[in-house]
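S.K.: Here it is: the structure, laid out below.
The values are calculated or read from the model by the stated rules, or taken from the named source; none is laboratory data. Just so it is clear, the structure is predicted and the values come from calculations on it, not from any experiment. Glycine gets a Cβ as well: all are built from the backbone with ideal geometry, and neighbour counts include every protein chain shown. When the accessible area is computed, the model is the full protein with side chains, heavy atoms only, and any ligands, DNA or RNA have been set aside. Shrake-Rupley method; radii C 1.70, N 1.55, O 1.52, S 1.80 Å.
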Amino acid sequence: MDIKIDIKKSGVSLAEVKAFDEAAEDAMDMLWSGKKDFTGWVRLPLEKNSEALEEILMTAAEIQAKCRLFVVIGIGGSFLGAKALIDSLVEEQPGLPQVIFAGNNLSGAYHSTIVDEVRKKETCICVISKSGSTTEPLAAFSVLKEIMKEKYGKKASGRIYAITDEKKGQLRREVHKEGYESFIVPADIGGRYSVLSTVGLLPAAVAGVDIKSLLKGAEIMAKDPAWDLDATNYAAARNALMKKGKKIEIFEFFEPAMEYFGEWLKQLFGESEGKEDKGLFPASLSFTRDLHSLGQFLQEGTPVFFETMIMTGYNKKDIVIPDSAGHPLAGKTLNEINQCVAKGVIKAHEKAGVPMIIIEMPETDAYYMGQMIYFFELSCAISSYINGVDPFDQPGVERYKEEARREILEL
Ligand code: PA5
């Protein structure tokens, strides 16, 4: 079994999908040509660099043995993928360090709590920044590095890991000076497409994610041409819906552990497609919680959106509802009721005329997450090319970063 993509309820006809065939084929050619900048992620799962993988696993084992707290510092593509993997896949961490994230905001309160934790627990930190110059991770790293030095003295550098560009940037220079163990963010892979590189793999491995299965799932997707059709159909359906006037794609989950996968998707699509006054605004909702806040809008509000529902199948962990709940809940499990609500939502939204794309994951495990990640990366890049934008730049982000830097200089 593999993940399943169903566009039958999207309101997009086969002819409308087919209309994008040529553009989608051109996009695939560009992605696989090996000539386009920032397309290193396309072949990454096929490369099977076992030496690099073993190095990641060895470092993860060393970190697991050395500390009780692992602080991962990074933002955007240097944060969201790892967080999505750990939240969705790690239920318990028996004997493993607690993995927490810093440098993804500039809150003094948030980071004060992390400083307290670092003071209390045996800690290792990993700073991830491709450019090596992003304000949030650099600020958080400076703060935490001082605490590490206070606590471990000269031995602090042996507990600091860095993932950054091979040659450029402030962080790489510091790696050379301080001798931290370091990994490379490949030059031909941009932040939001980097989760299957060391950027996502090292933190995930430390937390106990089976990264070999994760890569296997992605590899299956990358090497089987049947998936190209699913990816191009989904990309075409999104573009057809845009043509019909839809402005928003809402990714929806029935499992709270998938919320950060929604955050990862928002970055992937938002930064890849949202440029030149184009693109769908990517949103995400967590059900059943948000059915009780935005469910009304979804059913009857301004019809500017379509839904991409991500169904994660039955969870391994479940609870039977006791008899005291009475009819009709007693004796059924929470996951069973969750599935019933999901089916009910699909029926109700279909009756309301909401276009829906349904993606099913047979189980929430590393293998299927690997498939999902590669599927969405590929679809997103195809969809961006179809829409005539470069999926791999982010001029808007760079502009805000410059303005913010100027403000900081004036402080
Ligand atoms: O996708 C991207 O390239 C960005 O979102 C970056 O990941 C983000 O801005 C962080 O950049 P860096 O890894 O250089 O610190």
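S.K.: Could you tell me how many degrees, from 0 to 90 and to the nearest 10, lie between the Cα long axis of helix 21-32 and the main elongation axis, the longest principal axis, of the Cα atoms of the chain?
M.R.: 20 degrees
S.K.: On to the next question. Do any trypsin sites (Lys or Arg not before Pro) in region 1-63 lie in a loop, going by DSSP, with at most 15 other beta-carbon atoms within 10 Å of their beta carbon, and if so which?
M.R.: Sites meeting the loop and neighbour criteria: LYS8, LYS35, LYS48.
S.K.: Please work out the C-alpha center-to-center distance from region 318-396 to region 63-138 and express it in whole Å.
M.R.: What the calculation gives is 27 Å, centre to centre.
S.K.: While we're looking at this one, here's another question. Under a plain spin-label model, where a point goes 7 Å from the Cα along Cα-to-Cβ, how far apart in nm are ARG289 and LYS351?
M.R.: Here the modelled spin labels are 2.8 nm apart.
S.K.: Cα convex hull of the chain: mean projected area in nm², to one decimal?
M.R.: The orientation-averaged projected area of the Cα hull of the chain comes to 22.1 nm².
S.K.: Which residues' amide hydrogens lie under 5 Å from the amide hydrogen of ALA102, considering only partners 5 or more residues apart or on another chain, with H built in the peptide plane?
M.R.: Close amide H contacts, sequence-distant or interchain: VAL72, ILE73, GLY74.
S.K.: Within region 295-341, report the chymotrypsin sites (Phe, Trp or Tyr not before Pro) that DSSP leaves as loop and that have at most 16 other Cβ atoms within 10 Å.
M.R.: Listed in order of number, the matching sites are TYR314.
S.K.: Sticking with this structure for a sec: Which FRET efficiency, nearest 0.05, do SER33 and ALA325 yield, Cβ-Cβ r, R0 51 Å?
M.R.: 0.30
S.K.: Averaged per residue, what accessible surface does the chain expose to a 1.4 Å probe, in Å²?
M.R.: In whole numbers, the chain has 46 Å² accessible per residue.
S.K.: Just give me a number: lysine pairs in region 311-411, eight or more positions apart or cross-chain, with C-alpha atoms less than 22 Å apart.
M.R.: 7
S.K.: Determine the dipole magnitude for region 277-411: charges of +1 sit on the beta-carbon of Lys and Arg, -1 on that of Asp and Glu, nothing else is charged, the reference point is the Cα centre, and the result goes in debye to the nearest 20.
M.R.: So the dipole magnitude of region 277-411 works out to roughly 400 debye.
S.K.: Residues in region 370-409, backbone N under 17 Å from the label point at ASP26 (7 Å along the Cα-to-beta-carbon vector): list them, ranges by number please.
M.R.: Counting only backbone N, you get 381-392.
S.K.: Any chance you could give the angle, 0 to 90 degrees and rounded to 10, that helix 226-243 forms with the longest Cα principal axis of the chain?
M.R.: The angle comes out near 70 degrees.
S.K.: Ratio of Rg to Rh for region 1-68, alpha carbon only, Kirkwood?
M.R.: On the Cα set of region 1-68, Rg over Rh gives 1.22.
S.K.: Could you check the spin-label model distance between ILE337 and ARG173? Points 7 Å from the Cα along Cα→Cβ, value in nm.
M.R.: The two pseudo-label positions are separated by 5.9 nm.
S.K.: Nearest 10 degrees, 0 to 90: what angle lies between the long axis of helix 198-207 and the longest principal axis of the chain (Cα atoms)?
M.R.: Helix 198-207 sits roughly 90 degrees off the main axis of the chain.
S.K.: A further question follows. Heavy atoms only, probe 1.4 Å: what % of the accessible area of the chain goes to carbon and sulfur, would you let me know?
M.R.: That share works out to 54 percent.
S.K.: Let me ask something else. Under unit Cβ charges (Lys, Arg +1; Asp, Glu -1), what dipole magnitude, rounded to 20 debye, does region 41-209 have relative to its Cα centre?
M.R.: Approximately 500 debye in magnitude.
S.K.: By the gyration tensor of its Cα atoms, with a ≥ b ≥ c the square roots of the eigenvalues, what is the shape of region 72-188: rounded for a/c under 1.5, prolate for a/b over b/c, or oblate?
M.R.: Note, shape of region 72-188 comes out rounded.
S.K.: Let me have the relative contact order for the chain, percent, based on Cα pairs under 8 Å that are six or more residues apart.
M.R.: Once normalised by length, the contact order is 24 percent.
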